[in-house]
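Student: I am attaching a structure below and will ask some questions about it afterwards.
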Amino acid sequence: MLAATMSPRHLLALVLIPLAVVACRKDRGGGSKSGEPAAAAAPSLACPPGTAQQHDGAARRWCARPDGTMHGPVVEAGAGGQVMLRGEYRDGGKHGDWTTFYDGGQARSEEHYDAGKPRGTWVTYFADGKHSTERLHKPDNTVAFRSFRPDGSKLRQGVLVDGVEHGEWTDWDPTGKATVSQYDHGRVVAQGGGYPAVVGVPECDEYIAKYTRCIADKVPESARQPMNEAMQATIQAWREAANGPGRDSLVAGCKAAGEAAASAMQSMGCTW
């Protein structure tokens, strides 16, 4: 069997296919690349008394005291000079409203802080203004999370504890059918049918379930650990993408990764 002759390095490369797809799509979403125009200078700031305006070249400007403590407004500009981020620091911590923007000026995300501590409801938006995700920060430091499809229908709902799923989570498919799963600090302990809601994007969760089963059943033991570690890194990257505006591109990326891996893993006796 080819699996027995493949080196761990080659096997590891297979599991990194989806991670490379996510990284590529993230790169398209922000930051200047070679050959693109550099960001124009951000607007000047009205800094509080005792502070002075600082900058990191052109894109980002903020106010700081002589000892370097950030205090006052902060703004970041994109290509052409339009504002891409606006917020405020108080005594070194984020404070008040923090907003990021799409290229066209529409709000991309809204966050709220009180002396560095998250508060209230945080929202990310699709480019048309519809809600992509909502995070309600509660006094007990848990977060009530909801996400939506571009058409406004529900996608996921549950509670985050220390940034990961905990307790009961509900996933809705495109027809509105709900699947309820139970989590224990990010680990799926019970599922209501279908594939485990590891990421919350069906195409990604299906791929993860099939790939990890193939690793356990067909991959030589010497190669399993690095492949499983790489898969965990992939899952983490997918979770981050799934909880923001990048969710749309993640669906296509997981489909492509699944198709590529299905072909590559046939030689190991894995079929899906």
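The values are calculated or read from the model by the stated rules, or taken from the named source; none is laboratory data. Only a predicted model underlies this, so the values are computations on that prediction, with no experimental measurement involved. Positions of Cβ are generated from backbone atoms using ideal geometry, with glycine treated the same way; all protein chains shown enter the neighbour counts.
Student: Out of everything in region 58-79 that is in a loop (DSSP other than H, G, I, E, B) and of a type outside the set (Gly, Ala, Ser), what residue ends up being nearest to Thr99 (Cα to Cα)?
Tutor: Looking at residues that are in a loop (DSSP other than H, G, I, E, B) and of a type outside the set (Gly, Ala, Ser), I get Thr69.
Student: If you don't mind, another one. For the list (1) at pLDDT 95 or above; (2) out of contact with any Leu (no Cβ under 8 Å at 6 or more places or on another chain); (3) closer than 25 Å to Trp169 by Cβ, I need the number of the one condition that Asp114 fails.
Tutor: Condition (3) is where Asp114 drops out.
Student: Out of (1) without any contact (Cβ under 8 Å) to a residue 60 or more places away in the chain; (2) under 25 Å from Lys130 (Cβ atoms); (3) of a type outside the set (Lys, Arg), the odd one out for Ile235 is which?
Tutor: Against the list (1) without any contact (Cβ under 8 Å) to a residue 60 or more places away in the chain; (2) under 25 Å from Lys130 (Cβ atoms); (3) of a type outside the set (Lys, Arg), Ile235 comes up short only on (2).
Student: Output the number of residues of region 42-57 satisfying the condition of being without any contact (Cβ under 8 Å) to a residue 12 or more places away in the chain, farther than 12 Å from Gly72 by Cα and surrounded by 15 or more Cβ atoms within 10 Å (Cβ to Cβ).
Tutor: So the answer is 0.
Student: Tell me which residues, restricted to region 88-112, are assigned to a strand (DSSP E or B), within 20 Å of the chain's Cα centre (by Cα) and not acidic (Asp, Glu).
Tutor: Result: Trp98, Thr99, Thr100, Phe101, Ala107, Arg108, Ser109, His112.
Student: Can you tell me which of (1) of a type in the set (A, V, I, L, M); (2) crowded, with 18+ Cβ neighbours inside 10 Å; (3) under 29 Å from Asp140 (Cα atoms) is the one Ala115 doesn't meet?
Tutor: (2)
Student: Another question about this same structure. Give region 127-155 a look and list any residue that's in contact (Cβ under 8 Å) with a residue 60 or more places away in the chain and out of contact with any Lys or Arg (no Cβ under 6 Å at 6 or more places or on another chain), or say none.
Tutor: Ala127, Ser132, Thr133, Pro150, listed by residue number.
Student: Moving to a separate point now. Is it the case that some residue within region 166-180 is assigned to a loop (DSSP other than H, G, I, E, B), in contact with a Pro (Cβ under 8 Å, 6 or more places away or on another chain) and modelled with pLDDT under 95?
Tutor: Yes.
Student: Okay, moving on. Quick check on this structure: which one of Arg86, Arg60, Arg146 is modelled with pLDDT under 95 and either touching a Pro at 6+ places or on another chain (Cβ under 8 Å) or of a type in the set (Lys, Arg) (or both)?
Tutor: Arg60
Student: List the number of the failed condition for Glu134; all other conditions in (1) part of a loop (DSSP other than H, G, I, E, B); (2) modelled with pLDDT of 95 or more; (3) of a type in the set (Asp, Glu) hold.
Tutor: It fails just one condition, (1).
Student: Just give me the residues in region 214-271 being in a loop (DSSP other than H, G, I, E, B) and over 27 Å from the mean Cα position of the chain (by Cα), in sequence order.
Tutor: Val219, Pro220, Gly269, Cys270, Thr271
Student: What number goes with the only condition from (1) touching a Gly at 6+ places or on another chain (Cβ under 9 Å); (2) closer than 21 Å to Ser109 by Cα that Gln157 does not pass?
Tutor: Result: Gln157 fails condition (1) only.
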